[in-house]
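K.L.:
Dropping the structure in here first, questions after.
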Amino acid sequence: MSERSAPAWLTEWEYAHRGLHSDSIPENSLAASEAAIAAGMGIECDIQRSADDHPMVFHDWELERLTDGNGATENLDSNELERLMLVGTDQSPIRLSRLIETVDGRVPLLIEIKSRPGYDVERTCELVQSEVHHYAGDFAVMSFDPTVSEWFSKNSPETVRGLVCTDTLDHGWLSKWREPGELQRANPDFLAVDIRDLPNDKASGWRASGKPLLSWTIRSQQLRDRALAHVDAMISEGEGLA
């Protein structure tokens, strides 16, 4: 793990999961970002890579759940993705560059780079780093894939980087953080651990060492109470919001 101290801002905020979304405001949209800013919250967002190599603020590998399109997200170029409509709204998927321009340092960003086994995630890391290189606002990158934190550790060491961890969600990275040598390889500044898995000895030991422990996704008062007892910052939505 990284030996440096993470910046104080990282644990001074609560983060709106995929922006402050609701039934009328779609996740990862500009409207969700503006709502989070208005509520005084940081923003957690997701990144997928378009066919023409643009980091897009979008969660799913497929388009159907969130948009009026269909098929694989990575098969459309950025202009085609921006022409889609997020279901039931006047919002569209956006590029990371547009999100950064909109936020303009008003609140911090947690930028989660999506990956899956066999995916060329290092290319997405390069593209994200190119977008955020001159950004003056507070931000961090993170991913379930240890390769992301490892890449930023080696190629953009000034970037705050985290490893997202779960022992519950089986999506290709189940308990990856527990495998021998993975934390050392990732060299993260912070961990963001599935609230369903807390407390546990590994996360508690990390926090006891003075390293920041974040948790996701806080969706109820019960989970909020658990997070308040065991972590340094929360990534929240819905009934888990303060």
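The values are calculated or read from the model by the stated rules, or taken from the named source; none is laboratory data. Nothing here was measured: the structure is a model prediction, and the numbers come from that model. Positions of Cβ are backbone-derived with ideal geometry, glycine not excepted, and every protein chain shown enters the neighbour counts. Areas reflect the complete protein model, heavy atoms only, side chains present, ligands, DNA and RNA absent. Shrake-Rupley method; radii C 1.70, N 1.55, O 1.52, S 1.80 Å.
K.L.:
Out of the stretch 24-42, which residues are farther than 17 Å from PRO93 by Cα and part of a loop (DSSP other than H, G, I, E, B)?
P.N.:
Selection gives ALA39, GLY40, MET41.
K.L.:
Can you run down the residue pairs with Cβ atoms below 7 Å, 6 or more apart or on separate chains, where the first is in the stretch 182-207 and under 18 Å from LYS154 (Cα atoms) and the partner is open to solvent by 40 Å² or more (accessible area, probe 1.4 Å) and not hydrophobic (A, V, I, L, M, F, W, C)?
P.N.:
As it stands, the answer is GLU182/LYS176; ASP189/ARG4, since those pairs meet every condition given.
K.L.:
Let me ask something else. Please tell me if SER149 is touching a His at 6+ places or on another chain (Cβ under 8 Å) and under 24 Å from ASP232 (Cβ atoms).
P.N.:
no
K.L.:
Using beta carbons and a limit of 6 Å, which pairs, at least six apart or on different chains, have the first residue in the stretch 229-242 and open to solvent by 10 Å² or more (accessible area, probe 1.4 Å) and the second one outside any strand (DSSP E or B) and of a type in the set (A, V, I, L, M)?
P.N.:
Every condition considered, the pairs that remain are HIS230/LEU198; MET234/ALA227.
K.L.:
Same structure again: Quick one: which residue in ASP60, ASP23 is more than 26 Å from ALA242 (Cβ to Cβ) and open to solvent by 20 Å² or more (accessible area, probe 1.4 Å)?
P.N.:
ASP60
K.L.:
Let me ask something additional. ASP194 passes all but one of (1) under 18 Å from PRO7 (Cβ atoms); (2) touching a strand residue (DSSP E or B) at 6+ places or on another chain (Cβ under 8 Å); (3) acidic (Asp, Glu); which number fails?
P.N.:
Here ASP194 meets the rest and fails (1).
Residue by residue, here is whether (1) within 17 Å of VAL231 (Cβ to Cβ); (2) touching a Phe, Trp or Tyr at 6+ places or on another chain (Cβ under 7 Å) holds:
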{"site": "HIS134", "(1), (2)": "no, no"}
{"site": "ALA140", "(1), (2)": "yes, no"}
{"site": "ASP145", "(1), (2)": "no, yes"}
{"site": "SER153", "(1), (2)": "no, no"}
{"site": "GLU158", "(1), (2)": "no, no"}
{"site": "TRP177", "(1), (2)": "yes, no"}
{"site": "PRO188", "(1), (2)": "yes, no"}
{"site": "ASP194", "(1), (2)": "yes, yes"}
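K.L.:
Quick one: in the stretch 125-164, of everything that is of a type in the set (Gly, Ala, Ser) and assigned to a helix (DSSP H, G or I), which residue is nearest to LEU99 (Cα to Cα)?
P.N.:
Filtering first and then ranking leaves SER130.
K.L.:
Can I ask one more? I'd like to know if the stretch 39-61 contains one or more residues that are under 17 Å from the mean Cα position of the chain (by Cα) and free of Cβ contacts under 8 Å to residues at least 40 places away in the same chain.
P.N.:
So far as the stretch 39-61 goes, yes, one or more of its residues are under 17 Å from the mean Cα position of the chain (by Cα) and free of Cβ contacts under 8 Å to residues at least 40 places away in the same chain.
K.L.:
Restricting attention to the stretch 125-144, report how many residues are without any contact (Cβ under 8 Å) to a residue 60 or more places away in the chain and open to solvent by less than 10 Å² (accessible area, probe 1.4 Å).
P.N.:
5
K.L.:
In the set SER97, SER149, SER92, SER153, which member is touching an Asp or Glu at 6+ places or on another chain (Cβ under 7 Å), under 24 Å from TRP13 (Cα atoms) and of a type in the set (Ser, Thr, Tyr)?
P.N.:
The conditions single out SER97.
K.L.:
Of all residues being under 14 Å from LEU110 (Cα atoms) and in contact with a Leu (Cβ under 8 Å, 6 or more places away or on another chain) in the stretch 33-54, which is most open to solvent (accessible area, probe 1.4 Å)? Just the residue, please.
P.N.:
Going through the qualifying residues, I end up with MET41.
K.L.:
Here's a follow-up. If we keep just the residues of the stretch 63-112 that are assigned to a helix (DSSP H, G or I) and among the small types (Gly, Ala, Ser), which is most open to solvent (accessible area, probe 1.4 Å)? Quick ask: steps written out before the conclusion?
P.N.:
Step one: list which residues in the stretch 63-112 are assigned to a helix (DSSP H, G or I), which gives 73-75, 78-83, 96-103.
Next, from what is left, pick out any that are among the small types (Gly, Ala, Ser): 78, 97.
Values: SER78: 1, SER97: 46 Å².
That would be SER97.
K.L.:
Taking helices (runs of 4 or more DSSP H) that fall entirely within the stretch 165-242, which contain at least 3 residues that are among the hydrophobic types (A, V, I, L, M, F, W, C), over 20 Å from ARG18 (Cα atoms) and modelled with pLDDT of 95 or more?
P.N.:
Fully inside the stretch 165-242 and qualifying: 201-208.
K.L.:
Same structure again: Can you say whether THR159 is over 22 Å from ALA233 (Cβ atoms) and open to solvent by less than 10 Å² (accessible area, probe 1.4 Å), as far as the supplied structure shows?
P.N.:
The answer is no for THR159.
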